[in-house]
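The values are calculated or read from the model by the stated rules, or taken from the named source; none is laboratory data. Please read these numbers as outputs of a predicted model, since none were measured by experiment. With ideal geometry, Cβ positions are generated from the backbone for all residues, glycine too; neighbour counts draw on all protein chains shown. Note: accessible area is taken over every heavy atom of the protein model, side chains too, but ligands, DNA and RNA are not part of it. Shrake-Rupley method; radii C 1.70, N 1.55, O 1.52, S 1.80 Å.
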Amino acid sequence: QKEVEQNSGPLSVPEGAIASLNCTYSDRVSQSFFWYRQYSGKSPELIMSIYSNGDKEDGRFTAQLNKASQYVSLLIRDSQPSDSATYLCAAFKAAGNKLTFGGGTRVLVKP
Amino acid sequence: GAVVSQHPSRVICKSGTSVKIECRSLDFQATTMFWYRQFPKKSLMLMATSNEGSKATYEQGVEKDKFLINHASLTLSTLTVTSAHPEDSSFYICSAAQDLVSDTQYFGPGTRLTVL
């Protein structure tokens, strides 16, 4: 079992709709969670971090964390063609000081 | 703030040669730097973690004699791919953190290595 798992997609959404991305992690000692966006040929850029259970909103993005279910999600509201990218979920463990990335979900926003 | 640069952004080399990639934190002191490798359509895989002034910690399966990492100062880490082969062709990305143990990593723009 991979430590951080994501559906590879592609997730195709029409412009203006909500894109919903899911991520599960296997190690309960993971303390903090991150969503990165990566455009083709570029390095990841941080979108959101979340540390405690519940929702965290930042602009059009909402991250949700459920530690009991070991589940993290990202909602992108009012999706734009510029949101088309691969979204990487990552979990951090202080023991080992390591970010572990999921395989990424490719999102395609169609005009 | 928190800008990390990498040089070169793209390099093509012949099989058997060595290639050095530099990672610099431009506006902060990076106590810890990380080196990742990413193959096409795959996720980032951590290769090694380096702390300034000490030896790098390599992930399982990463050959430390092939991928030499030097973190000589708080703003510079280098990755040298020695005796490169075509299978080493990949996207190499560094990241930097201000603290010894930190979940906040600032990523460099990456280096595309092609070994012919």
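Values as computed for the structure displayed
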| quantity | calculated |
| --- | --- |
| Elements of type strands (runs of 3 or more DSSP E) contained in the stretch A:1-101, each with 2 or more residues being closer than 30 Å to B:Asp99 by Cα and open to solvent by 70 Å² or more (accessible area, probe 1.4 Å) | A:45-50, A:54-58 |
| Identity of the residue in the stretch B:54-71, touching a strand residue (DSSP E or B) at 6+ places or on another chain (Cβ under 8 Å) and open to solvent by 70 Å² or more (accessible area, probe 1.4 Å), that ends up modelled with the highest pLDDT | B:Leu68 |
| Matching residues, the stretch A:15-54, being polar (S, T, N, Q) and either under 11 Å from A:Leu74 (Cα atoms) or over 14 Å from the mean Cα position of the chain (by Cα) (or both) | A:Ser20, A:Asn22, A:Ser26, A:Ser30, A:Gln31, A:Ser40, A:Ser43, A:Ser49, A:Ser52, A:Asn53 |
| Considering residues of the stretch A:102-111 that are part of a loop (DSSP other than H, G, I, E, B) and open to solvent by less than 60 Å² (accessible area, probe 1.4 Å) only, the residue farthest from B:Ala48 (Cα to Cα) | A:Gly104 |
| Subset of the stretch B:89-116 that is modelled with pLDDT under 95 and not in a strand (DSSP E or B) - its residue that is nearest to B:Phe39 (Cα to Cα) | B:Gln105 |
| Residue pairs meeting the criteria (Cβ under 6 Å; at least 6 apart or on separate chains; first over 8 Å from A:Leu108 (Cα atoms), in the stretch A:8-23; second open to solvent by less than 60 Å² (accessible area, probe 1.4 Å) and in a loop (DSSP other than H, G, I, E, B)) | A:Ser8/A:Gly103; A:Ala17/A:Ser79; A:Ala19/A:Ser79; A:Cys23/A:Gly102 |
| Count of residues meeting criterion [farther than 24 Å from B:Val3 by Cβ and within 14 Å of chain A (Cβ to nearest Cβ)] in the stretch B:55-87 | 5 |
| Selection from the stretch B:17-44 of residues that are away from every other protein chain (no Cβ under 12 Å), open to solvent by 10 Å² or more (accessible area, probe 1.4 Å) and not in a strand (DSSP E or B) | B:Thr17, B:Ser18, B:Leu26, B:Asp27, B:Phe28, B:Gln29 |
| Some residue of the stretch B:102-110 being within 12 Å of chain A (Cβ to nearest Cβ) and without any contact (Cβ under 8 Å) to a residue 40 or more places away in the chain | yes |
